[in-house]
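**Q** Input: one structure, supplied below.
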Amino acid sequence: MNREKLMKMAGAVRTGGKGSMRRKKKAIHKTTTTDDKRLQSTLKRIGVNAIPAIEEVNIFKDDIVIQFLNPKVQASIAANTWVVSGSPQTKKLQDLLPGIINHLGMCLFYLLYSKFMCYLSNVLYVMTVLKGAFI
């Protein structure tokens, strides 16, 4: 090897400038596969089981619905843990109506009903104000 090539290689392993000490060990960058393996081993330790034949998962948050189509669902009832993995789509609740009404629980159905009644009362109020303006 020639001297220039050796100097270039030596310069690549220094932590600081000239005269500083060299690195003790090479930095190893972890990939996402190690994180995935760690997650899978933790889920296995908890005792999650795959739940087959789930076509759709909807997570409701205020007026937003996070929708998973054909997700991989795993659950551990004893640990109160549910794992839903797949590609999510964020949609508004209005976009999914009326086909999603049979998915709603009683609490969410009441929330939807109260929002509808609030909207209806606002419309009625505007109509009475407009009616009073034209009389």
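**Q** Tell me which residues, restricted to the stretch 74-93, are loosely packed, with under 10 Cβ neighbours inside 10 Å and closer than 30 Å to K115 by Cα. Walk me through how you get there before you give the answer.
**A** Our first condition is that a residue be loosely packed, with under 10 Cβ neighbours inside 10 Å; within the stretch 74-93, this holds for 78, 80, 87.
The answer is S87, and nothing else.
**Q** Considering each of K44, K61 in turn, give the residue that is of a type in the set (D, E, K, R) and at pLDDT below 85. First the steps, then the outcome.
**A** Numbers: K44 fails: at pLDDT below 85.
Result: K61 is the single residue among K44, K61 that is of a type in the set (D, E, K, R) and at pLDDT below 85.
**Q** Would a scan of the stretch 58-73 turn up a residue that is over 17 Å from the mean Cα position of the chain (by Cα) and either surrounded by fewer than 10 Cβ atoms within 10 Å (Cβ to Cβ) or not assigned by TED's automatic domain parsing to the domain that holds F116 (or both)?
**A** Going through the stretch 58-73, the residues over 17 Å from the mean Cα position of the chain (by Cα) turn out to be none.
So far as the stretch 58-73 goes, no, none of its residues is over 17 Å from the mean Cα position of the chain (by Cα) and either surrounded by fewer than 10 Cβ atoms within 10 Å (Cβ to Cβ) or not assigned by TED's automatic domain parsing to the domain that holds F116 (or both).
**Q** Also, quick follow-up: Residue check: is K131 charged (D, E, K, R), modelled with pLDDT under 75 and either in contact with a Ser or Thr (Cβ under 8 Å, 6 or more places away or on another chain) or not assigned by TED's automatic domain parsing to the domain that holds K44 (or both)? Spell out the reasoning first.
**A** On the way: charged (D, E, K, R): yes; modelled with pLDDT under 75: yes; either in contact with a Ser or Thr (Cβ under 8 Å, 6 or more places away or on another chain) or not assigned by TED's automatic domain parsing to the domain that holds K44 (or both): yes.
Yes.
The values are calculated or read from the model by the stated rules, or taken from the named source; none is laboratory data. Keep in mind it's a predicted model, so treat the numbers as computed, not measured. Every residue, glycine as well, gets a Cβ built from its backbone with ideal geometry; the counts of neighbours run over all protein chains shown.
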